[in-house]
1. Only one of (1) at the interface with chain B (Cβ under 10 Å from one of its Cβ atoms); (2) more than 25 Å from A:Ala467 (Cα to Cα); (3) touching a helix residue (DSSP H, G or I) at 6+ places or on another chain (Cβ under 7 Å); (4) modelled with pLDDT of 90 or more fails for A:Pro81. Which number is that?
2. May I ask you to verify whether A:Gln533 is part of a helix (DSSP H, G or I) and at pLDDT below 75?
3. Answer yes or no as to whether B:Thr55 is in contact with a strand residue (DSSP E or B) (Cβ under 7 Å, 6 or more places away or on another chain) and assigned by TED's automatic domain parsing to the domain that holds B:Leu16.
4. Quick check on this structure: which one of B:Val232, B:Val237, B:Val252 is modelled with pLDDT of 90 or more and of a type in the set (A, V, I, L, M)?
5. Please find, among B:Val45, B:Val101, B:Val21, the residue that is farther than 29 Å from B:Ile240 by Cα, surrounded by fewer than 18 Cβ atoms within 10 Å (Cβ to Cβ), outside the structural domain of B:Leu182 (by TED's automatic domain parsing) and among the β-branched types (Val, Ile, Thr).
6. Hey, A:Leu8 hits all of (1) buried (at least 19 other Cβ atoms within 10 Å of the Cβ); (2) more than 11 Å from every other protein chain (Cβ to nearest Cβ) but one; which does it fall short on?
7. If you go through the stretch A:86-114 one residue at a time, how many are touching a strand residue (DSSP E or B) at 6+ places or on another chain (Cβ under 9 Å), surrounded by fewer than 21 Cβ atoms within 10 Å (Cβ to Cβ) and aliphatic (A, V, I, L, M)?
Amino acid sequence: MGDSMRSLNSFGVAGLLGPDCEVFYTNELRARNVGRISDLVSAQIRDSNADELRIRALLVYGVFQTYAVRNSIAHHNEAVPAASVEIGIDPSYVAVAITFHWDGKASPKWKGMPERVDSGQGIDPFENILEWIHRHSTQLIVRYEEKERRIEVVALMNRSDSAMKDPTMVVQVNSATAPLLEVSNYHELGDLDYSKLLRNPTATAEDVKVKGDEPSDMSKSVFKADSPLDSEANELRGLVAEYEKVISGLKTTVNGLETRLEVEMNRASERHFKSDARVTDDSVITVPESKPEDSEKKEDDWGFHFMKKVWPFSKPEANPEKITSESVPLDSEASVSEVQTFKPDVTDDDEITVVEDVNEDPVIATEASIASTQALGEIAEIAKGPNSKKMETTLREIEKEVDEGKAKRWVDSLSSELLQEKAKLNELQKNLAKQIRQRELEFKTAERSLKQELKRKDEVLRGRESAIENKNEQIAQLNLAVERAGAATVDKEQGQIKMKLDRAQRMAQMKEEEAKSLVVKMRDLENRLIIAQAKAQKGTDLQLTSKVQTLEKKVDEYKRVNQRLMESLNQTKDKSSDKEMGDLRRKIEQLERQSTETKRSLDKSAFKLKELQDSERKLQTDLARAVEENRNLRKNQGRGSGESGGGQAAA
Amino acid sequence: MQFKTRKLPKSKAAELVSYPVDTAEPYRPLPAPVYVLLSRNEKLVSVKGPFDFFTARDLERMKGAGTYFYGPILKRVEPFHLAAREVKTMIGWSQPTATRVLEAAPYEISDAILRKLATLWAPVASAAQPNETVIGVESYFAVAFANELCELIPGDRMEMARERDPDLYEIALLRSGVFVFLALHLGYMDVKVLSALRYRFFHELIQLTGLQTFVPISLELAELKRWTENLVHSPEVLMISSDQFQFSISRVTQKLKSRLLRVRKELADPETILAHTYDDGGLGNLRPDEEAKEVGDG
């Protein structure tokens with residue numbers, strides 16, 4: 001299971017990756033655009049070292065799943081709705097989640113699915129494709145919700161350990177209880193710079209990369225050759241092609257000259273036969289018949305007019321023979337032995353001149369010129385041949401044929417010059433190739449280093465930009481929170497809440513003051529109570545009690561005196577006088593008055609006692625009330641300080 | 001939906017666009033109130049409010065029975081209708097063609113659609129974020145856009161909904177329209193699917209029965225639906241602004257926040273003027289601050 005997994009009870013990759021993950025998504029994954037989407041996604045996440053093959057395969061599997069879950073044939077069908085795909089990347093994992101719906105006809109069989117998929121015993125096409133997904137990922141998680149027939153197939157891939165495997169999980173999601181999960185950023189694929197990511201590289205001369213790390217690795221050079229002989233042959237072919245171009249030009253002029261020569265020769269012979277005019281020279285000259293101008297002759301005739309000009313020698317008149325009128329074959333099949341020797345008419349120093357004007361006196365075709373043309377023709381034919389060996393053999397034959405000495409020297413010089421030039425060209429080519437390879441290697445290394453630096457700088461810039469964006473967002477959030485806390489006049493509800501807070505604070509202060517006063521009263525009452533209790537224990541009023549006792553004593557004495565007096569009165573009714581009776585009566589009345597007064601005082605003291613007792617009870621009840629109010633105030637103060645968020649109420 | 005310009009002077013007729021009775025589509029929600037010219041009273045009187053509709057019978061009766069005009073707010077709605085038609089065309093680029101030309105990739109179409117939608121957002125003031133560029137669009141115009149883009153809701157359902165509760169009908173239309181408008185920003189580019197979801201949303205709100213085909217909805221669209229229900233709580237016009245998604249961390253709001261960030265930073269024109277429904281060029285309603293003053297004075 002992924003270490004950064006935050007919640008399985010949610011759709012999307014956010015629950016399976018860390019909060020710093022980036023998510024790329026699109027809601028239009030179909031069969032006909034899965035390639036385009038996989039191209040763009042692969043280009044975007046290439047720097048993350050994610051396995052591109054797996055990601056492309058997973059996207060394709062996802063499309064197949066949209067068909068398989070409907071029990072449809074895996075054949076493109078526009079009626080199958082598009083799937084949504086999210087690809088998330090965090091430092092540890094890459095997650096590919098494909099979401100779609102199943103039809104009401106048949107739902108996948110969820111029970112036992114993980115075991116079947118892990119053991120490779122899928123029972124339907126949907127599970128068979130899940131097996132493939134499981135093979136190509138670290139972990140496969142299938143989430144579903146019955147109510148909306150949602151399915152999400154998520155493939156997790158560990159970026160550092162591709163061989164890691166975790167068991168498949170199938171989770172039923174309750175979206176109503178799914179948590180809210182934050183990610184670093186969501187990118188819709190349309191917001192990416194797709195033109196830059198998918199740009200085709202333009203191939204230029206500088207961009208052409210030559211394989212081979214070592215300059216001396218000739219086997220991988222551009223100028224590849226199977227064998228040295230073939231390379232030489234190719235070079236010779238090139239040279240021959242160049243010579244052919246020059247020679248073709250010469251050929252045309254030679255043809256023209258020959259035709260003119262023939263015409264003039266014929267005219268001269270006619271004149272010779274018609275008239276008796278002697279020819280200055282006795283040599284019997286026949287002009288070879290001009291050959292019919294066919295394409296083969298045109299191809300075989302080479303323009304060697306410049307060579308004729310510079311032909312330094314002519315054949316000596318060793319064996320003057322009759323020049324026949326037979327045409328001298330000039331094709332390549334003619335052997336050298338068939339070439340007849342001609343009587344040399346001119347010396348070596350004679351130059352072959354070309355008669356341009358036909359109306360002038362005809363130019364006599366000298367033996368040397370004829371021999372030279374024939375030889376040149378043969379050389380041309382041989383040079384056209386594919387093999388240099390043939391060229392060499394013909395050169396030797398020519399050497400044999402023609403006079404030794406100068407001819408040989410000329411041929412040798414020509415061949416040596418050719419070889420020298422060939423060698424020079426080879427050297428130049430090799431040097432050029434070496435230089436090209438060196439330059440290419442230098443450019444390649446410089447390009448690599450520049451690209452790496454650019455990549456590093458881009459990464460640093462991106463990191464800084466993302467950090468700046470995060471900080472800006474945090475700052476915006478903090479500003480908003482501060483504004484909300486400090487704004488006094490914008491929101492009415494805030495004002496009301498503040499009003500309520502002020503009132504509550506004032507109430508709390510008032511209650512505190514009341515509590516303090518009540519506490520003071522309570523203490524006074526307590527003191528009074530203590531005193532009253534003490535008095536009640538000792539006696540409410542000592543003076544009163546003493547007075548009561550004395551009065552009681554007096555009452556008793558008076559009662560006794562009264563009884564004695566009454567007895568004496570009864571005994572001495574006769575004996576007493578009226579004065580004594582009056583005195584006694586007066587004394588009795590005084591005593592009675594005193595007794596009533598003492599009774600009244602007793603009543604008063606009793607009443608005072610009752611009053612004190614009542615006051616004591618009141619004090620006790622007040623004390624209890626004050627204690628309760630104090631407790632309630634303290635409770636309210638504690639709640640009020642928690643709600644207002646400040647310590648003012650507590651203070 | 002409240003609108004105060006229920007009567008207009010006859011002179012206004014020259015400025016108004018006539019309603020095409022002959023070619024009008026029945027059951028399509030009207031983008032603006034429709035007025036009829038009463039020649040005797042020399043007044044234009046509204047016969048239908050915004051987002052109401054004519055039935056086929058109504059249209060038959062209206063033919064030859066007078067001259068009908070759209071309200072002045074149609075001029076402000078027209079850019080949204082045009083954008084809806086262009087978006088529909090863009091969505092059609094993804095259809096496989098009969099030729100051998102490769103059709104546009106979905107990300108290219110999504111980018112093109114977002115660029116078009118960006119022209120509909122305008123800078124608005126925000127008390128919560130005075131230092132940030134905030135963009136907004138009024139719900140009225142978002143719904144007009146969605147009505148033009150989507151396929152029609154079946155006529156019998158529309159009639160049933162209006163008869164049951166006209167206010168609830170308007171709320172359902174507003175919520176489903178805002179839902180479609182925002183779903184486009186999330187990259188949902190199938191008109192049929194969007195129309196089906198809009199119909200399902202409408203159907204559930206009106207609590208109609210008989211929705212025959214089940215239209216599955218993804219979780220993020222379900223979240224968007226809930227968000228829309230919270231936002232649109234009455235049939236009155238309100239502002240949809242980018243700062244509403246700033247601090248929520250549900251998946252759909254994070255995605256909308258990201259896309260609208262690109263709209264406001266890269267695509268939206270800061271000179272765009274917000275299309276609104278106030279004053280005589282709109283529905284004749286007062287702005288919220290003016291309305292508050294009026295209430296206070298009253």
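The values are calculated or read from the model by the stated rules, or taken from the named source; none is laboratory data. Keep in mind the model is a prediction, meaning the values are calculated, not measured. Methodologically, a virtual Cβ is constructed for each residue, glycine included, from the backbone with ideal geometry; neighbour enumeration extends over all protein chains shown.
1. (4)
2. Yes.
3. Taking the combined requirement at face value, the residue does not satisfy it.
4. B:Val252
5. Selected residue: B:Val45, the only one of B:Val45, B:Val101, B:Val21 that is farther than 29 Å from B:Ile240 by Cα, surrounded by fewer than 18 Cβ atoms within 10 Å (Cβ to Cβ), outside the structural domain of B:Leu182 (by TED's automatic domain parsing) and among the β-branched types (Val, Ile, Thr).
6. Here A:Leu8 meets the rest and fails (1).
7. 1
Quick grid of which residues meet (1) closer than 28 Å to A:Val153 by Cβ; (2) buried (at least 18 other Cβ atoms within 10 Å of the Cβ); (3) at pLDDT 90 or above:
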site: B:Cys150; (1), (2), (3): no, yes, yes
site: B:Glu170; (1), (2), (3): no, yes, yes
site: B:Leu173; (1), (2), (3): no, yes, yes
site: B:Phe181; (1), (2), (3): no, yes, yes
site: B:Ile206; (1), (2), (3): no, yes, no
site: B:Gly210; (1), (2), (3): no, no, no
site: B:Thr213; (1), (2), (3): yes, no, no
site: B:Leu224; (1), (2), (3): yes, yes, yes
site: B:Asp243; (1), (2), (3): no, yes, no
